[in-house]
1. Please say if segment 264-334 is rounded, prolate or oblate, where rounded means a/c under 1.5 for a ≥ b ≥ c the square roots of the C-alpha gyration tensor eigenvalues, and otherwise the choice is prolate for a/b larger than b/c and oblate otherwise?
2. Indicate the gyration tensor shape class of segment 111-204 (rounded, prolate or oblate), computed on the Cα atoms with a ≥ b ≥ c the square roots of the eigenvalues: a/c under 1.5 is rounded; otherwise a/b larger than b/c is prolate and the rest oblate.
3. What distance in nm lies between label points placed 7 Å from Cα along the C-beta direction at Glu149 and Glu380?
4. Quick check on segment 212-339: take the gyration tensor over C-alpha atoms, sort the square-rooted eigenvalues as a ≥ b ≥ c, and tell me if it's rounded (a/c under 1.5), prolate or oblate.
5. Take Leu266 and Asp193, extend 7 Å from each Cα along the Cα→Cβ direction, and tell me the distance between the two endpoints in nm.
6. Take the Cα coordinates of the chain, assign each an equal point scatterer, and use the Debye formula without solvent to give log10 I(q)/I(0) at q = 0.06, 0.09, 0.12 Å⁻¹.
7. Mind checking which of Val196, Pro179, Phe207 is farthest towards the positive end of the chain's charge dipole, using Cβ charges of +1 (Lys, Arg) and -1 (Asp, Glu) about the Cα centre?
8. With 28 Å as the limit, write out which pairs from Lys60/Lys210; Lys130/Lys194; Lys59/Lys210; Lys210/Lys382 have Cα-Cα distances beyond it, or answer none.
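Each value in this text was obtained by applying a stated rule to the coordinates, not by laboratory testing. On a predicted model such as this, the values are computed, not experimentally measured, just so you know. Don't worry about glycine lacking a Cβ; one is built from the backbone with ideal geometry, like all the others, and counts go over all protein chains shown.
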Amino acid sequence: MICKPRKYERTKSKKINYQKQHNTKPLFGRGFVFLERIQTTKQTIRLPLRLDLKILAIKKFQIPAYYRSSITGRIKESRRVTDLRKQDFAPTLLDFGPVQFVLARHFGFCYGVENAIEISYRALEENHGKKVYLLSQMIHNQEVNNDLESRGIKFIMDTDGSHFISWEHITKDDVVIVPAFGTTLEIEHLLLDKGVDVQKYNTTCPFVEKVWNRAENLGKDNYTIIIHGKPKHEETKATFSHSNHYGPSIIVRDMEEAQQLANYMLGSKTRSEFYEEFSGKFSSGFDPHVHLLRVGVVNQTTMLASETQGIADFFRQLMISKYGEANLKEHFADTRDTLCYATNDNQDSTYQLLESKADLAIVVGGYNSSNTSHIVALCERKFPTYFINSENEIKSHTEIHHFNYHQKQNVATHEFLPSKRPLRIVLTSGASCPDTLVDRVLLKMLGFFEGAKTVEDIIAAY
Ligand code: SF4
């Protein structure tokens, strides 16, 4: 069954009231600042472009003080105020003497995560005595999810959609928070049918809604929607559910799957092969011989920008070679990607880290965090890289436990710190990681270097 979005959703008036409701402060002059990008092979140019209410707005969120950082947060804020237009993606070098940290220009909590945290803690405050549920992990950070759980929030599902609490236990008197990834129309409707107010504490990130809007436009223009995303990720499941309503939709995880899909566009493989190969990744009634003649691409907001661009270019070229350049518009919607600003900022900052000389990299974040795994992948291109979810994974100056996301397993590495001095360590994190966690990693590492300057000495400059 295909669910239809209900009337209250994403109406124009909701968009117009967005600034008012969110106490949004303009960055320059009047109104919001609207930033979009032109992707070139060598650099990203940011330009103020058009009026789009789901774009970067500077807002101070009310989040618990223990997520605010006095070290890396202070440095980031200092960089932010001296570079409001985000022209400078160079990292910050923190020289402690025997050890130096190369700190990314952008990392840590993004707009959507802070928004979700603020709303979730508010939901708890405003609903003493009620059951407060989160549909699934609010964000992919165990520390934040654990804290919410310790304050009484219950999770209905895990990230794979397996239930901790069955739907029959949820009643209209309960509070249900929709996470930053959004949710499927099917779940939304199930809750509405129970009488649950799904909008009151809906933390769906506006950048995710932007993807849904793009999918809607593509569907209305009779394009099939190709979603570049991870099929099991909550956001991609939600996007697929919404997109499915507007037009035939299919998920491709990576370039390899895009190339597999091309076989059906070129007619070199059969329908039955398609249904087997893409099982569970296409909308109901999808016919590869009918629905791959005219396509457009949207992305999960946190994919690797270069891969997303590569996939869109691949389908574009395929349509040109099949139908000719003059007929491209008839067969391919040539639109920009739907990656969010945080993904772009963090990945661009990571490319700048790769320009640095360093001996190793530490990336902090949740092991199921998509955006963090892409930062890890980039760092791995140049440095021995350790992906950790907290300072507790650094067992000693000779042993670190870290996550190998390729093999999806924890591994231990011994003698991970080279003996050279000064040792230079790249340090960054994903968009769902509190800066305080990065501080704790920095402090723990610092403790291994005798004669290092104090944190106070270093941050006095910021
Ligand atoms: S990573 Fe992007 S899409 Fe996801 S919550 Fe943050 S700003 Fe929103």
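1. The shape class here is oblate.
2. The shape class here is rounded.
3. 2.7
4. rounded
5. For Leu266 paired with Asp193, the spin-label model returns 4.4 nm.
6. Treating every Cα as an identical point scatterer, log10 I(q)/I(0) equals -0.28, -0.63, -1.11.
7. Selected residue: Phe207.
8. Among Lys60/Lys210; Lys130/Lys194; Lys59/Lys210; Lys210/Lys382, the Cα-Cα distance tops 28 Å for Lys210/Lys382.
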